[in-house]
Amino acid sequence: MLINEFDNYQDLHSSGYYMFLITNRAFGYWLDCFCALYIAVTTLSFLVSSPDNGGDVGLAVTQAMGLTGMVQWGMRQSAELENSMTSVERLIEYEEIEPEGELESKLSKKPPKTWPEQGKIVFDELSLRYFPDSKSDRVLKSLSFEIQPSEKVGIVGRTGAGKSSLINALFRLSYNEGSIIIDTRNIEELGLHDLRS
């Protein structure tokens, strides 16, 4: 499941990065076309207005090429600055995300290496949200059931019914209310390394 999720995120990243490269190239192409058109119009206007004065035409072409080079550089730098500032904004957002729970269990709560021995899972009044805001919608509401050791359970439902949300709740990848107990141990009291190993 995690490999598929990683692959999906990798595909999203690759498609976004590819789109960034394509739009960057397209922006450069149209900027080059605009600059070539500007140089052509400048040259033709001097040729039409004063065809006898070749020095003025040469000076105009030289200055137009220098000006378009600076304009191209400025436009590319402004686009790069915008992209970099978006990255900084994203980093600030990540910095403000609430950290997950403790990674290691307290010594008094640390499960033995053989845990879970039996595999009994109890969902008791489980409600689940994907966002820390208490006003956000709950994906699961007051769900209670037991899965006995060695029991096989199938979860069915339409898209968006919360089937994969149960897995997220088991690994504490979401904001849970209520409790999930695996072999008499509440997963909220376990460190994430112990729970997810």
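Any read-out appearing in this document is the output of simple, stated calculations on the displayed coordinates, not a laboratory observation. It should be emphasised that the depicted structure is a prediction, and the values quoted were computed from it without experimental measurement. Backbone-built Cβ (ideal geometry, glycine too); neighbour counts: all protein chains shown.
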Summing -39500 (n - 2.57) over every DSSP H run of at least 4 in the chain, dividing by its residue total and rounding to the nearest 500, the 222 nm mean residue ellipticity is -18500 deg cm²/dmol
Cut-off under 5 Å, modelled amide H: who pairs with residue 178 long-range: 127
Extension gain from residue 133 to residue 65, taking 0.36 nm per residue of separation minus the Cα-Cα distance: 18.9 nm
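How high is the relative contact order of the chain, in percent, with contacts defined as C-alpha pairs under 8 Å that are six or more residues apart?
That works out to 20 percent.
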Label-point separation in nm, residue 142 to residue 108, each point 7 Å along Cα→Cβ: 3.3 nm
Loop only by DSSP, 11 or fewer other Cβ within 10 Å of the Cβ. Give me the trypsin sites (Lys or Arg not before Pro) in the range 122-184 that pass, ordered by residue number. 135, 152, 158
Extent along principal axes [Cα atoms of the range 82-197; Å; largest to smallest]: 55, 40, 22
Using the membrane-span-like helix rule (whole DSSP H runs, Cα extent along the own axis of at least 24 Å, mean Kyte-Doolittle hydropathy at least -1.0), which helices of the chain qualify? 2-49, 54-95
What ³J(HN,Hα) values, in whole Hz, does the Karplus curve 6.51 cos²θ - 1.76 cosθ + 1.60 give for the range 118-127 when θ = phi - 60°, with x put for Gly and Pro? 9, x, 6, 10, 10, 9, 10, 6, 6, 10
Quick one: compute the contact order of the range 121-196, relative version, from alpha carbon pairs under 8 angstrom and 6+ residues apart, as a percent. 38 percent
Set the Förster distance to 25 Å, then compute FRET efficiency between residue 181 and residue 8 from the Cβ-Cβ distance, nearest 0.05. 0.20
Can you list the residues of the range 82-105 with backbone N under 19 Å from a point 7 Å past the Cα of residue 196, pointing along Cα to Cβ? 94-105
Candidates per GluC sites (Glu not before Pro) in the range 21-101, loop by DSSP, up to 16 other Cβ within 10 Å: 96, 100
Could you work out the equivalent-ellipsoid semi-axes for the range 148-197, taking the square root of 5 times each eigenvalue of the Cα gyration tensor, largest first, in whole Å? 21, 15, 10
Set 120/141; 120/152; 113/141, cut-off 23 Å on Cα-Cα distance; pairs above it are 113/141
Rounded to two decimals, what ratio of Rg to Rh does the chain give with C-alpha atoms and a Kirkwood Rh? 1.34
